[in-house]
Structures are given as structure tokens and as C-alpha cells.
Amino acid sequence: MRSEPSDVTDPALETVRRGQPTPGSVDRRGPGADEGLADPTGTDRRQRHELWMRRALEVAVTGEVASPEGGGGSAVPGGSAALGGGDAVSADPGQSGDVPVGAVLYGPDGSELAIGRNERELTGDPTAHAEVLALRRAAERLGRWRLDGCTLVVTLEPCTMCAGALVLARVSTVVFGAWEPKTGAAGSLWDVLRDRRLNHRPEVYGGILEAENAAVLRAFFR
């Protein structure tokens with residue numbers, strides 16, 4: 001009888017620190033000691049992630065979508081153009097009572113495809129988390145559910161629902177800001193994104209501009 005594969009809580013993985021970046025190749029077995037880890041120290045990658053995270057923070061705080069004249073997607077990493085025009089978000093997000101979490105989905109070429117901001121209170125939709133909204137909008141614009149090669153940048157560690165959606169959408173890379181010890185599913189409470197039993201495991205980069213993202217959330221709950 002075949003035994004169940006070990007998950008990310010396997011004692012063999014105790015040396016993998018929380019949120020440690022991992023490669024997302026399809027045939028990988030999980031963050032084990034016998035495989036190379038994605039290099040989190042590369043200057044270009046770090047700067048790009050911070051630039052993209054500041055855009056996600058902008059979405060979280062203001063709900064605004066800045067689009068340069070002429071519309072269309074920008075191929076410049078960090079560019080703020082959304083494919084096919086801007087996404088509709090609350091004109092005054094502070095009035096909705098939604099937790100200020102922002103997400104931006106970038107294409108393989110660095111173009112901004114879609115954004116999302118928590119709209120659960122605004123819409124009465126229990127699934128209207130920032131990540132899910134960004135995935136829905138990107139899929140609609142691209143005309144496909146597979147988001148291979150894309151990067152999802154979000155200001156707060158994804159919950160189990162959002163982590164599952166990211167896996168199902170085949171997003172290649174997930175970059176998040178503040179850790180969420182109560183519901184986080186990217187290394188805090190669970191590690192859905194890197195569970196070796198799943199058929200897709202994105203690269204994960206956590207704690208990007210963590211202090212700035214956490215400050216926004218603390219101000220909201222004060």
C-alpha cells in the first residue's frame with residue numbers, strides 16, 4: 001500500500017526557514033535539502049519586487065489605478081498600465097470597511113495585467129479578496145485561466161483560499177509583504193503554495209517591504 005507523501009511539515013524540512021524562496025519547477029518535490037533554492041539576494045530581483053510591492057501598497061491604500069495616456073500594457077517592470085485599460089475599484093476604499101490589502105498581477109514581460117483590493121464588505125462577496133479579484137480580472141482580459149509565467153504581488157500573506165487559487169491559476173511567482181500569523185498559508189500557519197503534494201508550486205518571496213505593509217494594517221485596526 002502506497003504511503004501518503006510527506007507534506008511541508010515533514011521534520012526533514014525543519015531546516016527550511018519560514019518564507020524561504022523556493023523554485024517553482026513542475027517536477028520539483030518540495031523545499032528539500034537536495035535541491036537548489038531560488039536566490040533571494042539578486043539586486044535586480046529585489047529591486048523589482050520592492051517596486052512592484054509599492055504599487056500594490058498604492059492599490060491597498062488609495063484604490064487608485066494609474067494608467068498612462070494611450071492605455072495598453074506596459075512592458076516596463078513596475079509599470080502601472082493595465083492590459084486593456086484600468087480596473088474598476090472603489091472610488092473611496094476607506095469608506096467600505098474592507099481591510100486595506102492590495103494585489104497586482106504582472107505578466108511574464110513585467111506588464112501590469114490586473115489589480116485587486118479587498119472588496120468583501122463592499123460587495124458582500126466572501127471570496128472578494130484582493131488576490132482572487134486580480135486573478136479573475138487577469139483571466140478575463142487574457143481569455144484563459146492559466147496564468148503561467150505571471151507574478152502576483154500582494155501586501156499581505158495569502159490565506160488558504162487565495163493560496164489555493166494561486167496554485168490553480170498556475171501563477172509562477174508569489175511575492176507578499178506582511179506576514180499573517182493567524183491565517184497565512186504561505187509559510188505562517190500553513191504552506192499551501194509549497195506543499196509537495198500539489199501539482200504546481202510557485203516560487204514564493206515573503207516579507208517584501210514588510211514594515212511598510214504592516215504599518216498600513218495596524219493603522220486600519222487601530
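The values are calculated or read from the model by the stated rules, or taken from the named source; none is laboratory data. It should be emphasised that the depicted structure is a prediction, and the values quoted were computed from it without experimental measurement. Every residue, glycine as well, gets a Cβ built from its backbone with ideal geometry; the counts of neighbours run over all protein chains shown. Side chains included, ligands, DNA and RNA excluded: accessible areas come from the protein's heavy atoms. Shrake-Rupley method; radii C 1.70, N 1.55, O 1.52, S 1.80 Å.
This table checks each residue for (1) more than 27 Å from residue 146 (Cβ to Cβ); (2) at pLDDT 95 or above; (3) touching a helix residue (DSSP H, G or I) at 6+ places or on another chain (Cβ under 7 Å).
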residue	(1), (2), (3)
159	no, yes, no
167	no, yes, yes
172	no, yes, no
182	yes, no, no
198	no, no, yes
208	no, yes, yes
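Taken over segment 98-146, the residue count meeting the criterion of being of a type in the set (Gly, Ala, Ser) and open to solvent by 40 Å² or more (accessible area, probe 1.4 Å) is 2. Screening the candidates 76, 65 for the property of being at pLDDT below 50, among the β-branched types (Val, Ile, Thr), outside any helix (DSSP H, G or I) and open to solvent by 30 Å² or more (accessible area, probe 1.4 Å) yields one hit, 76. What is the residue count in segment 171-188 for residues that are touching a residue at least 12 places away in the same chain (Cβ under 8 Å) and open to solvent by 10 Å² or more (accessible area, probe 1.4 Å)? Going through segment 171-188 one residue at a time, the tally reaches 7. For segment 148-170, the candidate set comprises residues that are touching a strand residue (DSSP E or B) at 6+ places or on another chain (Cβ under 7 Å), free of Cβ contacts under 8 Å to residues at least 60 places away in the same chain and within 17 Å of residue 106 (Cβ to Cβ); within that set, the residue that is surrounded by the fewest Cβ atoms within 10 Å (Cβ to Cβ) is 150. Is it the case that residue 191 is open to solvent by 60 Å² or more (accessible area, probe 1.4 Å) and either acidic (Asp, Glu) or under 11 Å from the mean Cα position of the chain (by Cα) (or both)? No; evaluated as a whole, the condition is false for this residue.
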